[in-house]
Each structure stands twice: as structure tokens, then as C-alpha cells.
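K.L.:
After the C-alpha cells below, expect a handful of questions from me.
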Amino acid sequence: MDQADRPAGQAQVIEDFGLAFEDHGMPRMAGRILGRLLMCDPPRQSMDQLVEALSASKGSVSSMTRLLIERGVIERLSLPGDRHDYFRIRTGSMAGMFREHAHRSIIPLLLLERAMEAADDRSVEGLARLRDSRDFLAFMQRELPALLQRWDTLHTQELSTQKEDE
């Protein structure tokens, strides 16, 4: 399906994915690829299909697909008798991104602990600036694993129900 045949607004949604990713410190093209792969039919796309759909260079798409594979968001697959590699969204990748974020948030939490010890401003107001951030990250460290576990349980139940209905 070329760009003219796509539903109205899809190109803008893809661009908005790019901007959202960029706002979170990722390259815009990585977000655009994610947006395209979330909406495409069939749910896998070759490098050439992504290049065409996104009006992007092969080098840019290639480097961003590698990044997304490394981050566990997409996966590469091959089809029997076909020389092309294809890319698709990896099942569970959204939850995986949050798990990775939770894992990495321990570093700023530890830095905030150290900052509280080393701060020049020892006043109640000065330490409150640091404490607020530290307490939020500590809360997220405690609560996010339970939230993700609830998601896993709910998602597994939904998948079981879908299989029973088939």
C-alpha cells in the first residue's frame, strides 16, 4: 500500500509518534518507525517498505531499526524463500519499555540521595527540592513492578480468553 492509499491522518500519527519519541530522548525516526509498524498491514515491513512509507533514507531506517531491536521494541524476522529481512513490533514491547525505564530509574534515585548529602543549601526549602524528586522516584521504584505484574496477569487472562473463544 503506498502513501496515497493509506487512511487519512496516518502520516500525521506517524509524525506524532516521532515527536513523542524525540520528547523522551529518542531519535525521531525511531518513533516514526514504531508508529508505522504499529499500524501497518501486514504487521511486518521490509526495509524497503519502511523507507518508502516514511520517505526516509535507507541508512536512517537501518540504524533506527537496529536501535529498536537493541531496545527490545521490534524484532527482525525472515520468511522462507524470501531474501528480505522484515521488522515487526515485538510482543510485549510496551511493557518492556516501562520495565527498562523502571530499571534505569535507580541511577537518578541514587544520584538524588548523594545530592541530598552534598547540597550547599541545607535549609528545609533547599532539601525539599531534592526530597520531592527523590521521593517520587522511590515511589515509582516501589510501585511500578506491582503495576507491571498486574498488567502481565490481566494480559495473560485476556489471551487465554481469546484462545478459548477461537
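The values are calculated or read from the model by the stated rules, or taken from the named source; none is laboratory data. Just so you know, these numbers come straight off a predicted model, no measurement behind them. Please note: Cβ atoms are built from the backbone with ideal geometry, for glycine as well, and neighbour counts cover all protein chains shown.
K.L.:
From GLY81, GLY96, grab the single residue that is free of Cβ contacts under 8 Å to residues at least 24 places away in the same chain and of a type outside the set (D, E, K, R).
P.N.:
GLY81
K.L.:
In this structure, does ALA11 turn out to be surrounded by 16 or more Cβ atoms within 10 Å (Cβ to Cβ) and part of a helix (DSSP H, G or I)?
P.N.:
yes
K.L.:
Something else: Scan segment 1-13 residue by residue and report those that are touching a helix residue (DSSP H, G or I) at 6+ places or on another chain (Cβ under 9 Å), at pLDDT below 60 and among the hydrophobic types (A, V, I, L, M, F, W, C).
P.N.:
MET1
K.L.:
Still on this structure: What residue, of ALA102, ALA138, is more than 24 Å from PHE21 (Cβ to Cβ) and of a type outside the set (Ser, Thr, Tyr)?
P.N.:
ALA138
K.L.:
When only residues in segment 14-30 that are modelled with pLDDT under 95 and assigned to a loop (DSSP other than H, G, I, E, B) count, which is surrounded by the most Cβ atoms within 10 Å (Cβ to Cβ)?
P.N.:
The selected residue is MET26.
K.L.:
When residues of segment 79-104 are filtered for being of a type in the set (Ser, Thr, Tyr), under 15 Å from the mean Cα position of the chain (by Cα) and under 16 Å from THR65 (Cβ atoms), how many remain?
P.N.:
Counting residues in segment 79-104 that are of a type in the set (Ser, Thr, Tyr), under 15 Å from the mean Cα position of the chain (by Cα) and under 16 Å from THR65 (Cβ atoms) gives 1.
K.L.:
Quick one: which residue in ILE107, ILE89, ILE69 is among the aliphatic types (A, V, I, L, M), within 28 Å of TRP151 (Cβ to Cβ), touching a strand residue (DSSP E or B) at 6+ places or on another chain (Cβ under 7 Å) and free of Cβ contacts under 8 Å to residues at least 24 places away in the same chain?
P.N.:
After ruling out the rest, the residue left standing is ILE69.
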